[in-house]
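The values are calculated or read from the model by the stated rules, or taken from the named source; none is laboratory data. These figures come from a predicted structure and were not determined experimentally. All Cβ positions, even for glycine, are placed from backbone atoms using ideal geometry, and neighbour counts span all protein chains on display.
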Amino acid sequence: MRSHTSIAATALMLLGVRAAVSTESDEAALTDPTAQCTAYSYAPVAAALAQFPPIWTPVSAMVSTSDPGYVKFLSINASIPNIAPKGVLGVPDEKITDGYNPADPDCWWTVTQCVTPKVSGVKGDIAAAPEPRTLGYGFDDGPNCSHNAFYDYLVEKNQKATMFYIGSNVLDWPLQAQRAVADGHEICVHSWSHRSMTAFTNEQAFGELWYTMQAIKLVTGVTPTCWRPPLGDVDDRIRYIAQQMGLENVLWKYNSNDWEVGSNNVTTTTVQGNYDALIAAVGAGTFDTTGAIMLTHELNNYTMQTAVDNYPKLAAAFDHIVPVGVSLNKTQPYVETNYTQPSFAAYNAARVSGASPSGSSSGSAAAASGSGSKSTSGSTAGSNQGTSAGVALRVSSLTLGLVVLGAALAL
Ligand SMILES: [Zn+2]
C-alpha cells in the first residue's frame, strides 16, 4: 500500500545526508534504523534520473518519444482491450463503481475479486501457490530503507521471499534493493508511484510498469517478469498491458491487513487475527490441494516485525514456505537468462540439506549486483555478494560520490 518512505527520505535530506557512500554490503551491515534510512547518493541512479519520470509522481506520459519504452508501447497500443480508464492519473473516480455493470465485463478485481479474465487472450492471475500446503511468501512496497533486521532474520532462517518493489523506492534506496538479489529473494514489480492502475491511461499504465522494470534493472542488473498491482487494482486492460511486457500478475487470496493498522478500524489485534486464521486454515486442511498467498508488507517496522513474529508459526503450519516464483517452478525469474531460481523440488531439497536455496548466476556483467549462491553449493545466503556488475556499480558510486547528491535525491 502507499509507502511513506519518500516523505522520510525528504525529511532526512533536509537534515543532511550521509557523507560516505556505502556499498550494498556496507548498507546491509547497518543495524540502526536511522542510519539505514539516512539518504545517500548512488551514482548510477543519479546519472540516469533524466531517463525516469519524477520519483513518487504518477507517470503522466513516457519520458521521451525516443525512449525504447515508447516504441514498445506503440507496438502494443492498438491491441490493448478497449476499456476506459476508471479514474484520472492513478486516482479512481469515486462514483465509477456505482454504475459498474454487475456482470463485471472487465474482470475488475477491486469490485469482484475476479481473477479469470473475460477478454480472450488475457492470462489469469496467480492468487494461490499451486503446491499443496505451501505458502507463497511475499512482501509489498519495498525496498524499505530500514529493512535490515527483517532481511537478517530471513537470512538466519535460510528463507527466501518474493519482494514486490515500488520503482520510486528502488531509486530512493538502491543499495537496499540490491540486497534482495544478494540474499536470493525474487523481485517483482509493484508500479512506479503506487497508485490505482485502472485509473491510468494505457500509456501511463505502461509507464508505471516500464520505469519500475528499468529502475530494478539499473540498480540490480535483473529485469523482473512478475508484478502485483497496488491495492490489487487490475482489470483486463491492465492485465493485457502487463502481459505484453512479460509480467505475470500475482495477487493473493488472504490479506493480513498489516498495512492498514491505525485506519479503517484495523488494529494490531486484527492483523494477528488474520495471521492466526491463515495458520488455522492450514490445520483445517484448506490448503491440502492448493497452497496460499497472503498479502503482507515491507512497509514499516511494524509490518516487518509482525512478519518476523509470525514466521515460526507459519513455518510450523505449512509444509513449505517459498517465493511465489518457486511455487510456480519458475526457474528463470528474470529476463536475463544467466540467473536461475531453483525449482520447487530443488528449493525444498536444498533447505532440507541445510544449503541455501538461492538462485544462481553465471556471473556475466548482466548479472545482479549480488547473485545468490548456487542451490547445490551449500553457501550461506548473503555471503556471495558482488559479481562483476555490482562491484562495478559500487566502485563507480564511490568514485563519483557527492557530486551528484542533489540530483540523486530529487523527489
Ligand atoms: Zn502496495
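Observations on the model:
- Of the numbered criteria (1) more than 16 Å from the ligand (Cβ to nearest atom); (2) within 30 Å of residue 233 (Cα to Cα); (3) at pLDDT below 90, the one residue 18 fails is (2).
- In the stretch 216-233, the qualifying residues are those that are part of a helix (DSSP H, G or I) and more than 16 Å from the ligand (Cβ to nearest atom), and the one that is surrounded by the fewest Cβ atoms within 10 Å (Cβ to Cβ) is 217.
- If you go through the stretch 97-125 and keep only what is touching a Ser or Thr at 6+ places or on another chain (Cβ under 9 Å) and of a type in the set (Val, Ile, Thr), you end up with 97, 110, 111.
- Each residue in the stretch 140-163 was checked for being within 16 Å of the ligand (Cβ to nearest atom) and touching a His at 6+ places or on another chain (Cβ under 6 Å), and 4 of them qualify.
- In the stretch 292-309, the residue that is farthest from the chain's Cα centre (by Cα) out of those that are near the ligand (Cβ under 10 Å from one of its atoms) and assigned to a loop (DSSP other than H, G, I, E, B) is 299.
- Among the residues here, residue 131 qualifies as in contact (Cβ under 8 Å) with a residue 60 or more places away in the chain and assigned to a loop (DSSP other than H, G, I, E, B).
- Residue within the stretch 185-194 that is within 15 Å of the ligand (Cβ to nearest atom), aliphatic (A, V, I, L, M) and in contact (Cβ under 8 Å) with a residue 24 or more places away in the chain present: yes
- Residue list for the stretch 216-251, filter: over 14 Å from the mean Cα position of the chain (by Cα) and of a type in the set (A, V, I, L, M, F, W, C): 218, 234, 238, 241, 242, 245
- Residue, nearest to the ligand (Cβ to nearest atom), within the stretch 282-291, restricted to residues that are loosely packed, with under 15 Cβ neighbours inside 10 Å and without any contact (Cβ under 8 Å) to a residue 24 or more places away in the chain: 284
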